[in-house]
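S.K.: The structure is given below, and queries will be raised subsequently.
The values are calculated or read from the model by the stated rules, or taken from the named source; none is laboratory data. As the structure is a prediction and not an experimental result, all values here were calculated from the model. Heads up, the Cβs are rebuilt from the backbone with ideal geometry, glycines too, and the neighbour counts pull from every protein chain shown.
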Amino acid sequence: MRPFPGNRVAPPPLLRSSLEQIFGAAGAGASVEQVRIVEHSLFTRLHGRAIATTRRRRIYLRGSAAEFFGDPVLMLHEYCHVLLQWETGSLTTLRYLRECLRRGYWNNRFEVQAREFARSHEFQLRELLRRGTESAPAPHT
Ligand SMILES: [Zn+2]
């Protein structure tokens, strides 16, 4: 039984390979493919106003996956939490809560790192997606 209902979705191939390239180079402990995306998640709705919530190898979205896949900064941010923080063991529920109590949401080190990672890789991700789209064969008409 799934404790938190929601639909599971996988990122489109080009997006997955682009993220794989970025996070592979950043030393991710797992592959993008191993991360489950759950859209319209009840779990996220329980987390106040958050638009996404992460756990080990999981991203829970309040809205749709289509919206998420169209937002490079948000994707980089959430995958950073999963692949570079949860997966490596640096992020745990207890540590996150402790950081929030000490520094608040905005300044806790997990959020600072995710924001910086997203900002510094946004251009690269957009470029990979643009180039991948251009080199794709034309669809049949
Ligand atoms: Zn975050």
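S.K.: Look through the range 132-141, keep the residues that are assigned to a helix (DSSP H, G or I) and over 13 Å from residue 15 (Cβ atoms), and return whichever of them is modelled with the highest pLDDT. Lay out the reasoning, then the answer.
M.R.: Kept after step one, since they are assigned to a helix (DSSP H, G or I), are these residues of the range 132-141: 132-135.
From what is left, the residues that are over 13 Å from residue 15 (Cβ atoms) are 134-135.
Numbers: 134: 85, 135: 79.
The extreme case among them is 134.
S.K.: Among the residues in the range 82-90, are any among the charged types (D, E, K, R), in a helix (DSSP H, G or I) and either modelled with pLDDT of 95 or more or within 16 Å of the ligand (Cβ to nearest atom) (or both)?
M.R.: no
S.K.: Among the listed residues 65, 118, which satisfies the condition of being touching a His at 6+ places or on another chain (Cβ under 7 Å) and either away from the ligand (no atom under 13 Å from the Cβ) or touching a residue at least 40 places away in the same chain (Cβ under 8 Å) (or both)?
M.R.: On the way: 65 fails: touching a His at 6+ places or on another chain (Cβ under 7 Å).
So the residue among 65, 118 that is touching a His at 6+ places or on another chain (Cβ under 7 Å) and either away from the ligand (no atom under 13 Å from the Cβ) or touching a residue at least 40 places away in the same chain (Cβ under 8 Å) (or both) is 118.
S.K.: To continue, here is another question. Are any residues in the range 12-54 in contact (Cβ under 8 Å) with a residue 24 or more places away in the chain, touching a strand residue (DSSP E or B) at 6+ places or on another chain (Cβ under 7 Å) and outside any helix (DSSP H, G or I), and if so, which ones?
M.R.: Listed by number, the residues that qualify are 35, 36, 37, 38, 39, 40, 41, 52.
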